[in-house]
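Encoded as structure tokens, the structure appears first; notes follow it.
The values are calculated or read from the model by the stated rules, or taken from the named source; none is laboratory data. All values derive from a computational prediction rather than experimental measurement. As a convention, Cβ positions derive from the backbone with ideal geometry for all residues, glycine included, and neighbour counts pool all protein chains shown.
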Amino acid sequence: MDFAAIIGNLDLYLQGLWVTVQLVALALVIGLALAVPLALAASARRVWVNFLPHAFIYCFRGTPLLVQIYLIYYGLGQFAAVRESFLWPVLSEAYWCALISFALNTAAYTGEIIRGAMAQTPAGEIEAARACGMSPAMTYRRVILPSAFRRALPAYGNEVIFMLHGSALAGIITIVDLFGAARIVNSRHFVPFESYITAGFFYLCMTFLIVWAFKFIERHWHAHLKPLRG
Amino acid sequence: MHKLIITAFTAVLLAGGAAQAKEWTKIRIGVEGAYPPFSSMTEDGELQGFDIDIAHALCAQINAECTLVPQDWDGIIPALLARKYDAIIASMSITEERKKKVNFTNKYYQTPARFARRKGSGIEVSAADLKGRKVGVQRATIHDGFLTEVFGDEVEVVRYGSQDEAYLDAVSGRLDLLMADSVALMDGFLNTEQGGDWEFVGPPYTDVKYFGEGAGIAVRKRDNDLREQLNAAIDAIRANGVYRQINEKYFDFDIYGN
């Protein structure tokens, strides 16, 4: 075991860690912002409203994230029309390609999580809201969405962890994220075990923080479900 | 009793080690397969190229049965150490950093490194002009080491897993320059349809400090017998004209260098 190479490259790991945190955080924020309207549209009763969201969710859940990244990074760059378009300054950067594919991917999964949670709303609650004279919009805002978010929380926690782990794919399209840093260290010093176990350790730490954060939110949001203390 | 067991065990191990020191008749060789014209895949998935032909010629010379194992460049030394194969014939330059992990035969060829640019881009290899340029290079190569050490402060180094991926991004316009082996660049890119828009720029680089003594065959440190067999085989095919035949099949100049 030779951890001298790791210690000598700690700054590279920390830079990589920062890129990973940035990518995942931005992707999650954008993904969640897209997911809510996506879930609302997908649970609409009319086919012409729910068809596109369903197709989007199906495509992004139905293909590996790796394929999506390759399609966006290498695939789109193949077409001259794309290379000459106004989008190229964005699409030519590996960072933005990764962010776009991560955000769309997590939007699809999160959208489906929220849609499922909304579908589970007890019919009685909706009927009660209607009986109180709430408009459909108000019913969504006050009854369906708040309880759907609560139900979705554990599944969303999983999705956040999956996104963190999926972000290692950024290292494949030249981005020096945490995994990319590990690959560089490995390739310079030929110490695969030490390089990758160090990256694994950082991922474990981040997962720990995420799990802890979700426990914290659950304690607050689900406080009403706990038995009363005597 | 314990001592006896340990002694017996050691004896068995030593005997095993001694048995290894015989002639090698079966050799598994790690190759890359994404580095034309030295090593690439044909459309039907067959390996081809200068490295591949040299591997077959050396095996024929040693009278050994050879299996070629394609392996991504990143993991090519770890896989040797993990005994996935016994030797690496993959245009690997003999460098100090690599010598810490593996042993090398004598070189079997040597070519300089060069930059390439898009025709008409007018980029020159000077500190001022390189500032902020994106330069594509294959990760963990001597060219990566050279670029990072010498130009790392000026340029943005973009590292790829294989040379082919760097060419893809050069064509799509994500890179300002490429840094690679001059022959690999020439035959693998500049002389192809996709690389027709690109040309060499700047001088050829051969500094031993970064580029080593040429490309050699890597073996595990304990397999010195294999290294010696391969060295003898390299000398033999150099002498009997087989090397020259392979050389002429791929290049119109002497690739062995000085």
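Within region A:1-15, residues that are over 19 Å from A:Ala168 (Cβ atoms) reach partners that are among the hydrophobic types (A, V, I, L, M, F, W, C) with beta carbons closer than 7 Å, at six or more positions or on different chains, in the pairs A:Asp2/A:Val191; A:Ala5/A:Val185; A:Ala5/A:Val191.
Can we say B:Thr111 is in contact with a Leu (Cβ under 9 Å, 6 or more places away or on another chain) and modelled with pLDDT of 90 or more? So B:Thr111 fails the test. Note on region B:116-207: enclosed helices (runs of 4 or more DSSP H) holding 2 or more residues that are within 14 Å of chain A (Cβ to nearest Cβ) are B:142-146, B:163-171. Would you pick out the residues in region B:142-190 that are small (Gly, Ala, Ser), over 15 Å from the mean Cα position of the chain (by Cα) and at negative phi? Of everything in region B:142-190, those that are small (Gly, Ala, Ser), over 15 Å from the mean Cα position of the chain (by Cα) and at negative phi turn out to be B:Gly152, B:Ala166, B:Ala170, B:Ser172. Within region A:16-32, the set of residues being touching a residue at least 12 places away in the same chain (Cβ under 8 Å) and surrounded by fewer than 20 Cβ atoms within 10 Å (Cβ to Cβ) comprises A:Leu17, A:Val21, A:Leu26, A:Ile30, A:Leu32. Go through (1) in contact with a Leu (Cβ under 9 Å, 6 or more places away or on another chain); (2) more than 11 Å from chain A (Cβ to nearest Cβ); (3) surrounded by fewer than 20 Cβ atoms within 10 Å (Cβ to Cβ) one by one and return the number of the condition B:Val219 breaks. It fails just one condition, (3).
From the list B:Arg118, B:Arg98, the lone residue that is out of contact with any Lys or Arg (no Cβ under 6 Å at 6 or more places or on another chain), not small (Gly, Ala, Ser) and not assigned by TED's automatic domain parsing to the domain that holds B:Gln229 is B:Arg118. Quick one: in region B:26-70, of everything that is in a loop (DSSP other than H, G, I, E, B) and among the polar types (S, T, N, Q), which residue is nearest to B:Lys249 (Cα to Cα)? Going through the qualifying residues, I end up with B:Thr42. Filtered by the rule that a residue be closer than 17 Å to A:Leu38 by Cα and either without any contact (Cβ under 8 Å) to a residue 40 or more places away in the chain or of a type in the set (Phe, Trp, Tyr) (or both), region A:70-119 gives A:Ile100, A:Ser101, A:Phe102, A:Tyr109, A:Gly116, A:Ala117. Residues in region B:182-198 that are over 21 Å from B:Glu32 (Cα atoms), in contact (Cβ under 8 Å) with a residue 24 or more places away in the chain and out of contact with any Gly (no Cβ under 9 Å at 6 or more places or on another chain): 2 in all. So which residues in region B:199-209 are touching a residue at least 24 places away in the same chain (Cβ under 8 Å) and within 13 Å of B:Ala113 (Cα to Cα), if there are any at all? Matches in region B:199-209: B:Phe200, B:Val201, B:Gly202, B:Pro203, B:Pro204, B:Tyr205, B:Thr206, B:Asp207. Pairs linking a residue in region A:135-153 that is touching a residue at least 24 places away in the same chain (Cβ under 8 Å) and β-branched (Val, Ile, Thr) to a residue that is surrounded by 19 or more Cβ atoms within 10 Å (Cβ to Cβ) and part of a helix (DSSP H, G or I), with Cβ atoms under 6 Å and 6 or more positions apart or on different chains, are A:Ile144/A:Met118.
Here's a check for you: in region B:73-112, which residue that is among the basic types (Lys, Arg) and outside any loop (DSSP other than H, G, I, E, B) is nearest to the other protein chains (Cβ to nearest Cβ)? Across region B:73-112, the extreme among qualifying residues is B:Arg98.
Scanning region B:208-237 for residues being of a type outside the set (Lys, Arg), under 19 Å from the mean Cα position of the chain (by Cα) and outside any helix (DSSP H, G or I) gives a total of 8. Scanning region A:158-176 for residues that are of a type outside the set (Ser, Thr, Tyr) and not in a helix (DSSP H, G or I), we see that the one that is farthest from the other protein chains (Cβ to nearest Cβ) is A:Ile175. A count restricted to region A:124-170 and to residues that are among the aromatic types (Phe, Trp, Tyr) and more than 26 Å from A:Gln68 (Cβ to Cβ) stands at 2. Per the conditions (1) surrounded by 14 or more Cβ atoms within 10 Å (Cβ to Cβ); (2) more than 17 Å from the chain's Cα centre (by Cα), the sole criterion not satisfied by B:Pro204 is (1).
Pairing each residue of region A:185-199 that is at the interface with another protein chain (Cβ under 7 Å from one of its Cβ atoms) with any residue that is of a type in the set (Val, Ile, Thr) and buried (at least 20 other Cβ atoms within 10 Å of the Cβ), provided the two are 6+ apart or on different chains, yields C-beta distances under 8 Å for A:Phe190/B:Ile77. Residues of region A:97-115 that are of a type in the set (Val, Ile, Thr) and in contact with a Gly (Cβ under 7 Å, 6 or more places away or on another chain): A:Thr106, A:Thr110.
Checked against (1) aliphatic (A, V, I, L, M); (2) closer than 25 Å to A:Ala168 by Cβ; (3) away from chain B (no Cβ under 14 Å), A:Ala94 passes all but a single condition, namely (3).
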